[in-house]
1. Checking the structure you have, find out if any residue of the stretch 115-122 is in contact (Cβ under 8 Å) with a residue 24 or more places away in the chain and either within 14 Å of P17 (Cα to Cα) or under 13 Å from the mean Cα position of the chain (by Cα) (or both).
2. Output the number of the condition that G215 fails; it satisfies all remaining conditions of (1) touching a residue at least 60 places away in the same chain (Cβ under 8 Å); (2) touching a Lys or Arg at 6+ places or on another chain (Cβ under 8 Å).
3. Could you say whether any residue in the stretch 261-275 is modelled with pLDDT of 80 or more, under 30 Å from V159 (Cα atoms) and either outside any helix (DSSP H, G or I) or outside the structural domain of P105 (by TED's automatic domain parsing) (or both)?
4. For residues that are assigned to a helix (DSSP H, G or I) and of a type in the set (S, T, N, Q), scanning just the stretch 115-147, find the one that is nearest to S182 (Cα to Cα).
5. Which residue pairs have Cβ atoms under 7 Å apart, sit 6 or more places apart or on different chains, and have a first residue in the stretch 49-64 that is more than 13 Å from L221 (Cα to Cα) and a second that is surrounded by 15 or more Cβ atoms within 10 Å (Cβ to Cβ) and of a type in the set (A, V, I, L, M)?
6. Looking at (1) in a helix (DSSP H, G or I); (2) out of contact with any helix residue (DSSP H, G or I) (no Cβ under 6 Å at 6 or more places or on another chain); (3) closer than 26 Å to G219 by Cα; (4) not acidic (D, E), which one does L42 not meet, given that it meets all the others?
7. Go through R126, R120, R143, R113 for me and flag whichever is touching a Gly at 6+ places or on another chain (Cβ under 7 Å), basic (K, R) and surrounded by 17 or more Cβ atoms within 10 Å (Cβ to Cβ).
8. Of the residues that make up the stretch 276-288, is at least one surrounded by 12 or more Cβ atoms within 10 Å (Cβ to Cβ) and at pLDDT 85 or above?
Amino acid sequence: MSVNIVVTCTSRKKHAPPTRLQMRTVRERNIEARAYEWIERLSANSTNQTAAAELYCGEYWSVARALPLLARQSGIAARIWICSAGYGLISFQSHICSYSATFSPFEPDCVTRGFDSNVRAEAAQRWWQLIARWRGPKGSELRSLNSVAQEYPKVPLLVVGSPDYLQSLEQDLTGTVATLASSDLLLIASAGMKAFGMLTNNLLPCDARLQASLGGTRGSLNIRVAKRVVEFMGRGEIGLTRQKGQLQRLLDKQPAIEQYQRRVLTDEEIRNFIRMELDRHGHASKSVLLRKLRDSGRACEQSRFGGLYQQMVTDEKIA
């Protein structure tokens, strides 16, 4: 019994990326030119490489790294791939340099930085296609999810990711579900995601209510759902339909999510808040300021706030 699992990379890494491998320093506006410039930079950097499994760190990654052992304990052979905005699809064994690139639109190192929201998804999917055409680092023979499905058409494929990352993979995933021997073999874990075009039926039922049962922070919830799925696969519940059932039963037992009535702010209002707080206190971390903002009854998504905070610090140098 085996399973293929695709997890996402993390922004936290054990080594700081060199300036040349930070997406914000790539100035090309066209997505093709941007991808080619980035690939050229990666290809020219062959020193200070680390196995991907050892480079990433943080709570999410500690759970991801434990999945192969957990699977073996459950009687399952797990093959793990990493969806990296910077390197494409890589394996735990791929040797890569520390870098900073992401599909999260509010981060300064987003690969679609500067694109309008109405074309961002298309640009991200195009980026994924271009990165997949590159040979990639050593240890990365399969460069797309569809190629994984072609290699293992009868093996369940569990894909774990945020909506931003899944959006970039949508075309690849659409081809993947058609390649697998059964659509029941594709399972997608993305907490809170209710619709995903033609792939909506492949979404596992999971949202923030599961945090009470699975533990950890909201940021690690998707990977903890994957951990739960692998555990149940060890009981013989392999396919999508059975996994949906067990997760739905778990969801039904959870208390309702506590609702906060916070006022959503515009980007300019958030910038003004950050500027005022930093002028007043001299320095404060983005996590401290985000908590203060939310405690005051105002709302902002974490990655969006982090991106705006970074812009203030980098562009205005106010901290």
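1. no
2. Answer for G215: the failing condition is (1).
3. For the stretch 261-275, residues modelled with pLDDT of 80 or more, under 30 Å from V159 (Cα atoms) and either outside any helix (DSSP H, G or I) or outside the structural domain of P105 (by TED's automatic domain parsing) (or both): absent.
4. N146
5. Q49/I96; T50/I96; A52/I82; A52/I90; A52/I96; L55/I96
6. L42 satisfies every listed condition except (3).
7. R143
8. no
The values are calculated or read from the model by the stated rules, or taken from the named source; none is laboratory data. Please read all numbers here as calculations on a predicted model, not as lab measurements. No Cβ is skipped: glycine too gets one built from the backbone with ideal geometry, and neighbour counts run over all protein chains shown.
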